[in-house]
Amino acid sequence: MKRRSLILGGIAGALGLGWLLRPGQRGADHAPYFQDLSVALDQAGLAKPSLLVDRNHLVENIQTLMGHINGRFNYRIVAKSLPSLPLLETVMQVSGSNRLMLFHQPFINQVAERFPQADVLLGKPMPVAAARNFYRQFSGGVFDPASQLRWLLDTPERVAQYDELATALDQPMQICIELDVGLHRGGVRNDEQLVTMLEMIEASPKLQFCGFMGYEPHIVKLPIGDAIDYRDRAMAVYQYYIDVAKGVLGERWPKNVLLNAGGSPTYQMYDRGEYPFNELAAGSCLVKPSDFDLPTLADHVAASYIATPVLKSLDTLEIPGIDLGKVQSLWDPNRARTFFTYGGYWKARPESPDGLANNSLFGRSTNQEMLNGSRKINLQPDDWVFLRPTQSEFVFLQFGDIAVYEEGAIVARWPVFSEQTSA
Ligand SMILES: Cc1ncc(COP(=O)(O)O)c(C=O)c1O
C-alpha cells in the first residue's frame, strides 16, 4: 500500500473511532409529576419564573426529620433556608417547634411580629448596630425580646458592644456564645476567650448567658477522614467548653441552658448515642435543594423547584459569529435542539425535561437563557421547564410569592421575607 493511502486510512479510522465515542442521545419529555405541575401552573394562570413548593413533599420531609430526632433533642427551624413566614408557619405547625434560627435583622423583626410565641436564636453574630436597629424597629406586642430573643456573640469585643447597647436601651438581653467545634468559621477557640466572655456577661447587669451554639457541617464534608471521627472530635470540643463554663459559673449555669448544634447535612449523625447538646437545627433538608443530595439526607425528597416558561423552541443550535453550533450539535445529539427560557442563570440546575443543559459557548443569561436538548425533547413555547435550586436561602427570595403545589393544583401563594428599607 502506498504511504499516502496509509495516512488517509489512518485519518479515516481515527474519525470513525471519534464518531463512535460521541455522547449517547439522552432526554425525554416531562414525567407525569412534572406534567401535573405544568397543568397546575397553567390553571393558576402563572406565566413567569416561579418558585414552587410541593406541600406534601415538605410535610413528608418534616415528618422524616422529626422521626430521626425522635424526641431526643429539641428541634430548631433554620429560617434562612425557609425564608417565608407562611412556609415557616407550616413547619412550626407540623413539627410542633416554636424555635427559629435567624440570620438577618429585618427578618427578626418580621418574625417577632408574626410569631409572638417564637423562641429566636441568631445563627451568626450581628453588628451591634443591627441589634440596635432591631430594637428601634420593634413595634412592641406580645413577643418579649428579653426572654425570647438570643443574640449570638463570638468575641469579648462584641460582648462589650452589646453590654453598652443593653445598658443604653435599658434592655435585658439573652446571650448565646458561638463555639468553634472544628468548622473554623469563628466563635470561641480557647478557654481564655470563653472565660473572659462569661465573666463580662456575669458582670453586666443587662446581659444573661443562655447557652452555646456549635455548628459542625465540616464533619460530613471533609474529603478525607471519617465523618464519625470528626463528629466525635467536634463533640469532645463542645463538651470541653461546657465543662469550662460550668467551672466558671458553678450554680449559675443556666437551668434551661440552650446547647445548639447540627444542620441539615449532619443532623442524622446523631440518631443514636449520647451528645452534649440538647437542640438540633435544620432547615434546607425540608425543601431539599440539590446541594443537599447527600448520603446523610437520602430519605428526604426534593420539595422545591423553579418553574419557568419556554419562550422559543428551535430545531437547531446556532451560535453567533463562527457558528460552532452545527459542530456542537453534530458531535453531541443532546445539543440538537435549542430552547430559550423566561429568565435564567439562577443558582439552579435543569431538572425536567430530563437531559437539558446550558451552553457555555453561547453563555448564560438572566434574561433569556439558552438550554439545549436532544430530539427526544419536544418543548414548545409556553411549556414549562423545571429547575432545582442548588440552595434555598437566596434563591427562594428571587421570585416573589412562592407557588404552593398540592395534589394537582396551586393551592396558595406564600410571600417571601422582604427587606425592610427603614434603618
Ligand atoms: C449556625 C447554623 N446552624 C445550622 C445551619 C443549618 O442550616 P441548613 O439546615 O439549612 O443547612 C446553618 C447553615 O448555614 C448555620 O449557619
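Among the residues of the stretch 172-195, those that are of a type in the set (S, T, N, Q) and either at positive phi or crowded, with 16+ Cβ neighbours inside 10 Å (or both) comprise GLN174, GLN193. Those helices (runs of 4 or more DSSP H) of the stretch 1-80 in which at least 1 residues are among the small types (Gly, Ala, Ser) and modelled with pLDDT under 95, considering only elements entirely within it, cover 3-20. The residue pairs whose first member lies in the stretch 89-111 and is over 20 Å from CYS176 (Cβ atoms) and at pLDDT 95 or above, whose second member is in a helix (DSSP H, G or I) and among the charged types (D, E, K, R), and whose beta carbons are closer than 8 Å, counting only pairs six or more residues apart or on different chains, are GLU89/ARG114; THR90/ARG55. Residues in the stretch 264-290 that are surrounded by 23 or more Cβ atoms within 10 Å (Cβ to Cβ) and either without any contact (Cβ under 8 Å) to a residue 40 or more places away in the chain or assigned to a loop (DSSP other than H, G, I, E, B) (or both): SER264, PRO265, THR266, PHE277, GLY283, VAL287, LYS288, PRO289. Applying the criterion of at least 1 residues that are of a type in the set (Ser, Thr, Tyr) and over 15 Å from VAL310 (Cβ atoms) to the strands (runs of 3 or more DSSP E) found wholly in the stretch 322-423 leaves 402-406. Every condition in (1) in contact with a Lys or Arg (Cβ under 7 Å, 6 or more places away or on another chain); (2) part of a loop (DSSP other than H, G, I, E, B); (3) without any contact (Cβ under 8 Å) to a residue 40 or more places away in the chain holds for ARG185 except the one numbered (1).
Applying the criterion of being closer than 20 Å to ALA261 by Cα and surrounded by fewer than 18 Cβ atoms within 10 Å (Cβ to Cβ) to the residues of the stretch 96-118, the residue that is nearest to the ligand (Cβ to nearest atom) is PHE103. Selection of the stretch 392-406 for residues being of a type in the set (D, E, K, R) and touching an Asp or Glu at 6+ places or on another chain (Cβ under 9 Å) yields only GLU406. Restricting attention to the stretch 206-233 and to residues that are among the acidic types (Asp, Glu) and either assigned to a loop (DSSP other than H, G, I, E, B) or more than 26 Å from the chain's Cα centre (by Cα) (or both), the residue that is farthest from VAL128 (Cα to Cα) turns out to be ASP226.
Of the numbered criteria (1) surrounded by fewer than 19 Cβ atoms within 10 Å (Cβ to Cβ); (2) modelled with pLDDT of 95 or more; (3) in contact with a helix residue (DSSP H, G or I) (Cβ under 9 Å, 6 or more places away or on another chain), the one ASP354 fails is (3).
Report whether or not ASP293 is among the acidic types (Asp, Glu), closer than 28 Å to VAL91 by Cβ, within 16 Å of the ligand (Cβ to nearest atom) and in contact (Cβ under 8 Å) with a residue 12 or more places away in the chain. Spelling it out, it is not the case that ASP293 is among the acidic types (Asp, Glu), closer than 28 Å to VAL91 by Cβ, within 16 Å of the ligand (Cβ to nearest atom) and in contact (Cβ under 8 Å) with a residue 12 or more places away in the chain.
Residues considered: LEU87, LEU100. Of these, the only one that is touching a Phe, Trp or Tyr at 6+ places or on another chain (Cβ under 8 Å) and closer than 15 Å to GLU279 by Cα is LEU100. Selection over the stretch 219-233 of residues that are within 15 Å of the ligand (Cβ to nearest atom) and out of contact with any helix residue (DSSP H, G or I) (no Cβ under 7 Å at 6 or more places or on another chain) gives a count of 1. Taken together, ALA245, ALA203, ALA236 contain a single residue that is within 28 Å of ARG132 (Cβ to Cβ), aliphatic (A, V, I, L, M), more than 13 Å from the ligand (Cβ to nearest atom) and surrounded by fewer than 20 Cβ atoms within 10 Å (Cβ to Cβ), which is ALA203.
Would you confirm, using the coordinates I've provided, whether PRO265 is touching a Phe, Trp or Tyr at 6+ places or on another chain (Cβ under 9 Å), away from the ligand (no atom under 16 Å from the Cβ) and of a type outside the set (Phe, Trp, Tyr)? Spelling it out, it is not the case that PRO265 is touching a Phe, Trp or Tyr at 6+ places or on another chain (Cβ under 9 Å), away from the ligand (no atom under 16 Å from the Cβ) and of a type outside the set (Phe, Trp, Tyr).
The values are calculated or read from the model by the stated rules, or taken from the named source; none is laboratory data. These numbers come from a predicted model, not from an experiment. FYI the Cβ positions are ideal-geometry reconstructions off the backbone, even for glycines, and counts take in every protein chain you see.
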